[in-house]
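The values are calculated or read from the model by the stated rules, or taken from the named source; none is laboratory data. Please read these numbers as outputs of a predicted model, since none were measured by experiment. Reconstructed Cβ throughout: ideal geometry from the backbone, glycine too, with neighbour counts over all protein chains shown. For the accessible areas, the whole protein counts, side chains as well, though only heavy atoms, and no ligand, DNA or RNA atoms are used. Shrake-Rupley method; radii C 1.70, N 1.55, O 1.52, S 1.80 Å.
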Amino acid sequence: MPKLTVDGIEVEVENGATLLQACEEAGAEIPRFCYHERLSIAGNCRMCLVEVEKSPKPVASCAMPAGDGMVVRTNTPQVKRAREGVMEFLLINHPLDCPICDQGGECDLQDQSMAYGMDGSRFIENKRAVEEKFMGPLVKTVMTRCIQCTRCVRFASEVAGVPEIGAIGRGEDMEITTYLEQALTSELSANIVDLCPVGALTFKPTAFTARPWELRKTESIDVMDAVGSNIRVDTRGREVIRVLPRLNDDVNEEWISDKTRFIADGLKTQRLDKPFIRENGKLRPATWDEAFAAIATKIKSTDASRIAAIAGDLACAESMKALKDLMGGLGSPHLDCRQDGAKLGKHGRAGYLFNSTIAGIEDADAILIIGADPRREAPILNARILKRARQGAGVDIAVVGPNLDLTYPYEHLGAGPQTLKELADGSHKFVATLNDAKNPLIIIGQGALARADGEAVMAAAITVARNANAVRADWNGFNVLHTAASRVAGLDLGFLPGEGARDVAGILDGAGKGDIEVVYLLGADEIDMAKLGNAFVIYQGTHGDAGAHRADVILPAAAYTEKSSTWVNTEGRVQIGARAAFPPGEAREDWTILRALSAVLGSALPYDDLAALRRAMATDVPHLAERDEIAPAGDLAEPVLVAMGTEPFDTMIKDFYLTNPIARASKVMAECSASLTPDNREGATGTHG
């Protein structure tokens with residue numbers, strides 16, 4: 001490991017580290033525009049110049065490897081003059097747009113020009129102008145401001161895996177643009193705005209809406225998928241203005257998906273802000289007392305064996321705990337959190353977690369994907385797979401299921417159960433690859449589990465993992481990729497049918513036949529409402545979506561940005577989402593609604609505040625009290641191989657932008673769906689082997 005001296009301070013850095021990293025290790029702040037820790041080195045901007053002993057001129061520290069015995073100075077007059085010269089060059093053509101630029105207040109160029117800029121310029125030529133580029137419905141461009149750092153180009157290719165941005169022309173005529181000026185099709189495209197050090201790329205949906213210093217910032221957790229990305233929710237008054245990523249190297253690094261980022265307008269559209277009761281076939285506004293009275297009248301006249309509950313994909317752990325306790329108090333065993341009918345929960349906790357962890361993907365040397373589409377089901381996790389695929393040591397990636405448009409090369413082994421059967425019995429050629437791998441990784445998705453033969457598919461996938469030695473003391477490469485933010489917490493809490501009770505399919509079947517008379521939907525909008533028959537439906541949720549249309553009583557609830565709530569991501573990591581705004585009108589937090597209802601029903605829940613509820617959760621499931629931790633999952637139960645069906649595997653998400661009630665209420669998501677979903681546009685991009 002090389003040792004060098006920076007401004008008189010001796011530091012030791014890892015082999016391959018750059019001078020810039022060495023300088024920061026020594027506490028020296030180095031300005032930069034093109035350099036980014038997670039992107040390849042370009043060396044474009046030259047802002048990071050430092051003085052190296054025996055070098056005839058300043059050196060670009062981002063591109064120079066740190067060498068043993070080097071003597072580096074970062075604050076000499078020569079360095080200051082060099083950086084001032086670079087800043088003068090950068091500002092030659094940059095327009096004076098700061099008063100109207102959405103980047104104002106968060107602009108790297110503004111910040112660094114204060115330190116290295118001058119009060120005038122020696123250049124009197126006319127500034128160049130560049131035509132605006134079309135990059136789709138999410139990214140607004142003012143390319144005259146571009147300083148050609150190429151961060152956006154490198155991100156699109158290296159992290160998003162959809163290389164749709166590049167540079168054309170040379171010298172003064174160089175421009176950054178999308179190929180053929182088409183919309184960006186990556187599900188991570190808007191991260192280029194975070195990366196842009198100037199105002200060349202800004203957020204189109206929130207253009208000219210607010211200044212950064214006007215916004216209140218709240219750290220929270222994303223629920224648009226099961227990854228649990230760490231986010232920051234920026235609000236003004238009661239309105240969510242924007243969502244930005246927070247750094248968490250173990251989960252989302254510093255990226256978030258476009259759906260996570262631009263869902264905010266759906267939080268204020270089609271919201272349920274007061275209770276409703278259906279009378280004579282029509283819904284009418286009601287008071288909370290009237291709504292509770294109508295529910296109590298029906299439930300008290302109904303046998304407990306005819307009452308059921310289904311939790312939706314956006315239900316928090318607190319609400320599922322409260323609803324489970326309420327159903328237990330009533331004596332009903334019919335409850336399920338697996339809205340899509342996935343066959344999960346019979347193989348222990350290790351049988352429904354992403355056991356290798358998201359960061360652990362980088363340690364895998366063979367990856368088998370079964371019935372999942374990571375690009376659309378979990379774009380952040382898909383970026384980890386691409387990151388692993390781009391590393392020096394190769395990784396073999398294979399898919400069993402539909403031919404997918406992924407962002408990395410893969411081998412398509414087959415479409416369905418027959419291929420999985422061959423992998424389980426060892427007759428498929430890819431078994432040799434798995435056996436030769438040090439850390440084989442198997443990912444099974446909900447498309448393979450939410451089938452009538454889901455349990456058989458699960459058993460076969462576990463068999464593949466065990467035969468490949470992917471399940472051992474130092475490595476568990478068996479992984480379930482969830483699509484619902486609520487799913488793991490629901491499984492942890494045991495929000496599942498009791499012995500001999502009905503699951504989602506059984507509840508719907510019973511409701512259609514009249515055997516189930518009352519169905520409580522906790523934000524469950526993705527089931528077939530037509531199958532509920534004449535059942536009395538209580539819908540507790542946030543939006544006027546499918547569940548509210550079918551409901552007999554509607555109870556308005558708070559969205560994920562409007563409550564303090566616990567979420568458990570696909571790898572079993574427990575995280576807390578904070579309240580960033582207040583719910584509209586008379587809407588309330590989910591658990592408080594259930595607590596109030598329980599009192600009316602005569603079986604009051606034993607907690608009166610959030611702290612007491614969380615203590616009750618921790619009593620039932622101790623690891624729910626551990627924040628940002630992944631509790632040991634235990635052993636993976638031995639599989640019992642049974643015959644699978646013949647239908648090919650499918651993927652759960654057909655339209656990435658419209659997967660839940662909040663997304664379907666969003667005008668921005670509707671525009672993205674119309675212009676970016678492969679079925680709605682020509683020429684989907686991507687590669688596969």
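Note on region 141-171: residues that are outside any loop (DSSP other than H, G, I, E, B), touching a residue at least 60 places away in the same chain (Cβ under 8 Å), in contact with a Pro (Cβ under 8 Å, 6 or more places away or on another chain) and not basic (Lys, Arg) total 0.
Only one entry in VAL233, VAL227, VAL193 is within 15 Å of the chain's Cα centre (by Cα), closer than 13 Å to ARG261 by Cα, of a type in the set (A, V, I, L, M, F, W, C) and surrounded by 21 or more Cβ atoms within 10 Å (Cβ to Cβ), namely VAL233.
Restricting region 277-297 to residues that are open to solvent by 60 Å² or more (accessible area, probe 1.4 Å) and assigned to a helix (DSSP H, G or I) leaves a set whose member that is nearest to LEU532 (Cα to Cα) is THR297.
For region 384-394, the candidate set comprises residues that are part of a helix (DSSP H, G or I) and in contact with a helix residue (DSSP H, G or I) (Cβ under 9 Å, 6 or more places away or on another chain); within that set, the residue that is farthest from LEU39 (Cα to Cα) is ILE385. If you go through region 190-233 and keep only what is of a type outside the set (A, V, I, L, M) and assigned to a helix (DSSP H, G or I), you end up with ASN191, ASP194, PRO212, TRP213, GLU214. The single condition among (1) of a type outside the set (Phe, Trp, Tyr); (2) within 18 Å of GLN575 (Cβ to Cβ); (3) in contact (Cβ under 8 Å) with a residue 60 or more places away in the chain that PRO245 does not satisfy is (3).
Say whether the condition of being touching an Asp or Glu at 6+ places or on another chain (Cβ under 8 Å) and assigned to a loop (DSSP other than H, G, I, E, B) is met by at least one residue in region 590-603. Within region 590-603, none of the residues are touching an Asp or Glu at 6+ places or on another chain (Cβ under 8 Å) and assigned to a loop (DSSP other than H, G, I, E, B). Counting the residues of region 616-647 that are β-branched (Val, Ile, Thr), surrounded by 16 or more Cβ atoms within 10 Å (Cβ to Cβ) and out of contact with any helix residue (DSSP H, G or I) (no Cβ under 7 Å at 6 or more places or on another chain) gives 1. Name the single residue that is least open to solvent (accessible area, probe 1.4 Å) among those in region 110-137 being in contact with a Pro (Cβ under 9 Å, 6 or more places away or on another chain) and either part of a loop (DSSP other than H, G, I, E, B) or under 29 Å from LEU180 (Cα atoms) (or both). Step by step, filter region 110-137, then rank; the result is PRO137.
Only one of the listed residues (CYS23, CYS34) is touching a residue at least 60 places away in the same chain (Cβ under 8 Å), surrounded by 14 or more Cβ atoms within 10 Å (Cβ to Cβ) and within 35 Å of the chain's Cα centre (by Cα). That residue is CYS34.
Can ALA633 be described as among the aliphatic types (A, V, I, L, M), closer than 28 Å to LEU353 by Cα and part of a loop (DSSP other than H, G, I, E, B)? For ALA633, the condition - among the aliphatic types (A, V, I, L, M), closer than 28 Å to LEU353 by Cα and part of a loop (DSSP other than H, G, I, E, B) - is met. Considering SER55, SER61, SER40, the condition of being free of Cβ contacts under 8 Å to residues at least 12 places away in the same chain and open to solvent by less than 60 Å² (accessible area, probe 1.4 Å) is satisfied by SER55 alone.
Filtering region 326-354 to residues that are open to solvent by 20 Å² or more (accessible area, probe 1.4 Å), touching a residue at least 40 places away in the same chain (Cβ under 8 Å) and either in contact with a Phe, Trp or Tyr (Cβ under 9 Å, 6 or more places away or on another chain) or part of a loop (DSSP other than H, G, I, E, B) (or both) leaves PRO333, ARG338, ASP340, GLY341, LYS343, GLY345, LYS346, HIS347, GLY348.
For ASP650, the stated conditions hold: it is part of a loop (DSSP other than H, G, I, E, B) and open to solvent by less than 80 Å² (accessible area, probe 1.4 Å). For region 582-615, the set of residues classified as surrounded by 18 or more Cβ atoms within 10 Å (Cβ to Cβ) and closer than 21 Å to SER486 by Cα consists of PRO583, ALA587, ARG588, GLU589, ASP590, TRP591, THR592, ILE593, LEU594, ARG595, LEU613, ARG614, listed by residue number. Filtered by the rule that a residue be among the β-branched types (Val, Ile, Thr), in a strand (DSSP E or B) and more than 19 Å from PHE656 (Cα to Cα), region 234-276 gives THR235, VAL240, ILE241. Residue count for region 509-526, restricted to those that are buried (at least 23 other Cβ atoms within 10 Å of the Cβ) and touching a Gly at 6+ places or on another chain (Cβ under 8 Å): 7.
Yes or no, residue by residue, for (1) under 23 Å from CYS101 (Cβ atoms); (2) modelled with pLDDT of 90 or more:
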{"residue": "GLU132", "(1), (2)": "yes, yes"}
{"residue": "LEU138", "(1), (2)": "yes, yes"}
{"residue": "LEU180", "(1), (2)": "no, no"}
{"residue": "SER186", "(1), (2)": "no, yes"}
{"residue": "ALA190", "(1), (2)": "yes, yes"}
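Counting only residues that are of a type in the set (D, E, K, R) and at pLDDT 90 or above, region 655-682 holds 4 of them. Filtering region 311-322 for residues that are assigned to a strand (DSSP E or B) and within 16 Å of ILE593 (Cβ to Cβ) leaves a non-empty set.
Of all residues in region 38-57, those satisfying the criterion of being closer than 15 Å to ARG83 by Cα and not aliphatic (A, V, I, L, M) are GLY43, ASN44, CYS45, ARG46, CYS48, GLU51, LYS57. For region 460-469, the criterion of a residue being touching a Phe, Trp or Tyr at 6+ places or on another chain (Cβ under 9 Å) and of a type outside the set (A, V, I, L, M) is satisfied by at least one position.
Considering region 409-466, the residues that are assigned to a loop (DSSP other than H, G, I, E, B) and among the aliphatic types (A, V, I, L, M) include one that is most open to solvent (accessible area, probe 1.4 Å), namely ALA452. Hey, could you check region 208-224 for residues that are open to solvent by less than 30 Å² (accessible area, probe 1.4 Å) and touching a strand residue (DSSP E or B) at 6+ places or on another chain (Cβ under 6 Å) and say which is farthest from ARG246 (Cα to Cα)? Across region 208-224, the extreme among qualifying residues is ALA210. Residue count for region 73-103, restricted to those that are open to solvent by less than 40 Å² (accessible area, probe 1.4 Å), in contact (Cβ under 8 Å) with a residue 40 or more places away in the chain, out of contact with any helix residue (DSSP H, G or I) (no Cβ under 6 Å at 6 or more places or on another chain) and farther than 28 Å from LYS204 by Cα: 1.
Pairs are defined by a Cβ separation below 7 Å, a sequence spacing of at least 6 or placement on different chains, a first member in region 596-614 that is within 20 Å of PRO556 (Cα to Cα), and a second member that is part of a loop (DSSP other than H, G, I, E, B) and not hydrophobic (A, V, I, L, M, F, W, C); the pairs so defined are LEU610/SER564.
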